[in-house]
Amino acid sequence: MIGDLASARAEFPLLESCVYLNSNSTGAVPRGVEQVLADYWQTISRWRDEVWERWWVELHAYADDLAAFLGAPAGSVVTDVNLSSLLGRVLGAIDFSKRSKIVTTALEFPTVPFLLRAQERRGASVHVVPARGGASIDGEALLAAIDDETRLVCLSHASYETGALVDLHAVARRARACGAWVVVDAYQSVGVVPLDVEALDVEFVLGGAHKWMCGSIESAFLYVNPRVLCEVEPPATGWMAARDPLSFGPATDYADTARRFASGTPAVLPALVSHVALRMLGRLGMPAIREASLRLTSRVLSHAHDADLPVATPLDDAARGGVVCLRFAGDDRVVAALKADGLVCSHRGGVRIAPHFYNTVDEVDTFMRALIARARASS
Ligand SMILES: Cc1ncc(COP(=O)(O)O)c(C=O)c1O
């Protein structure tokens, strides 16, 4: 482990109690959060309405730091409690009456196809690009599905099951050439795979802080490309989406920032908590985090290869996010048994092993030796 990452590791108390390779499910949370929670208690135990003025500034500072982390300008990110509600607002703001086709893939997190199918009641038709072996998407097939009928391409950057990455630059280019918009669910990549949304130039990117970003639950976010901001007026809205909510006057116009995708009273505590790790990730830098992640997932892959365990995740570094997925008979029971021994990962259609920058090679070795022993015993 190199210097900065080793000292960052000491900031995560969770790592003292188990081997934690579960950061694609819920990231470890840094110690600095304890002070944020103590301050929050001081605030609410002496409640005064005036605190909203400070929180308003802090909320926007968090959203703007998130924007900078994504390579985007201030004012282009809004936060809310979950990705589903933000995606629902994005989809509701898109007109499917002239062009109806939505292109998506078979590897989406369940909330995405559920929301997309719901758009069929609004005139959309959903085209699903199948997954190769339930593991990854064929890039050519995906690009071929995007055509002049396509209004929207909505897909995840990294699969929540296998971590397989989609080539977003190729998708964005093809969509632009066809006059379609792109919505990216980056929940499983942001914080572990570098993402530069300005270079990508897609219309919307969604994510959340409680996985690879080591933040709080209830801290999803939406980036809106300033190029399309004025074209979208979400009908599912609320007073916080208006130009000047704190005037308490009639809400008539939408804000001219991504806040036009807000709804009602914002979730403050998740943003304050999540800001702690965001600052740390910014200091460490995504290149160092990605390098550490690839080193650790390569180690997982080499153990799996030596033990002949079937790998669902692409082996190529460039095609892989932060997780390695193994699929074998009895894999769900193996995950439960490992957890009972303090070796923590998750099971979604296979064993998902998700080390992060704060894990060590020794932890991966310990984990994989135990997993292989359990897998052999269960076969
Ligand atoms: C790819 C992906 N999208 C979305 C979500 C969660 O969405 P929401 O914030 O609406 O619960 C997850 C959570 O596991 C996910 O992995």
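Here are a few things to note about the model shown:
- Breaking point among (1) more than 16 Å from the ligand (Cβ to nearest atom); (2) not in a strand (DSSP E or B), for LEU91: (1)
- Verdict on ALA329 being surrounded by fewer than 17 Cβ atoms within 10 Å (Cβ to Cβ), more than 20 Å from TYR20 (Cα to Cα) and over 21 Å from the mean Cα position of the chain (by Cα): yes
Yes/no matrix, rows are residues, columns are (1) surrounded by fewer than 20 Cβ atoms within 10 Å (Cβ to Cβ); (2) under 26 Å from ALA131 (Cβ atoms); (3) at pLDDT below 95:
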residue	(1), (2), (3)
SER298	yes, yes, no
HIS305	yes, yes, no
ALA318	yes, yes, no
VAL324	no, yes, no
THR360	yes, no, no
VAL364	no, no, no
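- Restricting segment 151-169 to residues that are assigned to a loop (DSSP other than H, G, I, E, B) and not charged (D, E, K, R), the residue that is nearest to the ligand (Cβ to nearest atom): TYR160
- The residue list ALA72, ALA172 contains one member that is touching a strand residue (DSSP E or B) at 6+ places or on another chain (Cβ under 8 Å), away from the ligand (no atom under 12 Å from the Cβ), of a type in the set (Gly, Ala, Ser) and in a loop (DSSP other than H, G, I, E, B), which is ALA72.
- Pairs with Cβ under 6 Å, 6+ apart, first in segment 287-300 and of a type outside the set (D, E, K, R), second at pLDDT below 95 and assigned to a helix (DSSP H, G or I): ALA292/LEU5
- Hey, ILE353 part of a helix (DSSP H, G or I), touching a helix residue (DSSP H, G or I) at 6+ places or on another chain (Cβ under 9 Å) and touching a residue at least 60 places away in the same chain (Cβ under 8 Å) or not: no
- Close pairs from segment 79-90: first at pLDDT below 95, partner more than 8 Å from the ligand (Cβ to nearest atom), Cβ under 7 Å, at least 6 apart: none
- Options VAL112, VAL192; residue that is within 23 Å of VAL311 (Cβ to Cβ), out of contact with any Cys (no Cβ under 6 Å at 6 or more places or on another chain) and either within 16 Å of the ligand (Cβ to nearest atom) or in a loop (DSSP other than H, G, I, E, B) (or both): VAL192
Here is a yes/no grid of residues against (1) within 13 Å of the ligand (Cβ to nearest atom); (2) within 17 Å of GLY238 (Cα to Cα):
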position: ALA61; (1), (2): no, no
position: ASP65; (1), (2): no, no
position: SER84; (1), (2): yes, yes
position: THR104; (1), (2): yes, no
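- The number of residues in segment 132-150 being in a strand (DSSP E or B) and touching a strand residue (DSSP E or B) at 6+ places or on another chain (Cβ under 6 Å) comes to 3.
- A count restricted to segment 235-266 and to residues that are modelled with pLDDT under 95 and either outside the structural domain of LEU206 (by TED's automatic domain parsing) or closer than 14 Å to VAL81 by Cα (or both) stands at 0.
A quick yes/no check of all residues on (1) surrounded by fewer than 21 Cβ atoms within 10 Å (Cβ to Cβ); (2) of a type in the set (A, V, I, L, M, F, W, C):
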position: SER189; (1), (2): no, no
position: VAL193; (1), (2): no, yes
position: ALA199; (1), (2): yes, yes
position: GLY207; (1), (2): no, no
position: VAL224; (1), (2): no, yes
position: CYS230; (1), (2): yes, yes
position: MET240; (1), (2): yes, yes
position: PRO250; (1), (2): yes, no
position: ARG259; (1), (2): no, no
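- Among the residues listed as LEU5, LEU66, the single one being touching a helix residue (DSSP H, G or I) at 6+ places or on another chain (Cβ under 9 Å), surrounded by 12 or more Cβ atoms within 10 Å (Cβ to Cβ) and either hydroxyl-bearing (Ser, Thr, Tyr) or within 30 Å of VAL112 (Cβ to Cβ) (or both): LEU66
- Residue satisfying condition, being crowded, with 21+ Cβ neighbours inside 10 Å and basic (Lys, Arg), within set ARG89, ARG31: ARG89
The values are calculated or read from the model by the stated rules, or taken from the named source; none is laboratory data. No experiment lies behind these values; they were computed from the predicted model shown. Positions of Cβ are generated from backbone atoms using ideal geometry, with glycine treated the same way; all protein chains shown enter the neighbour counts.
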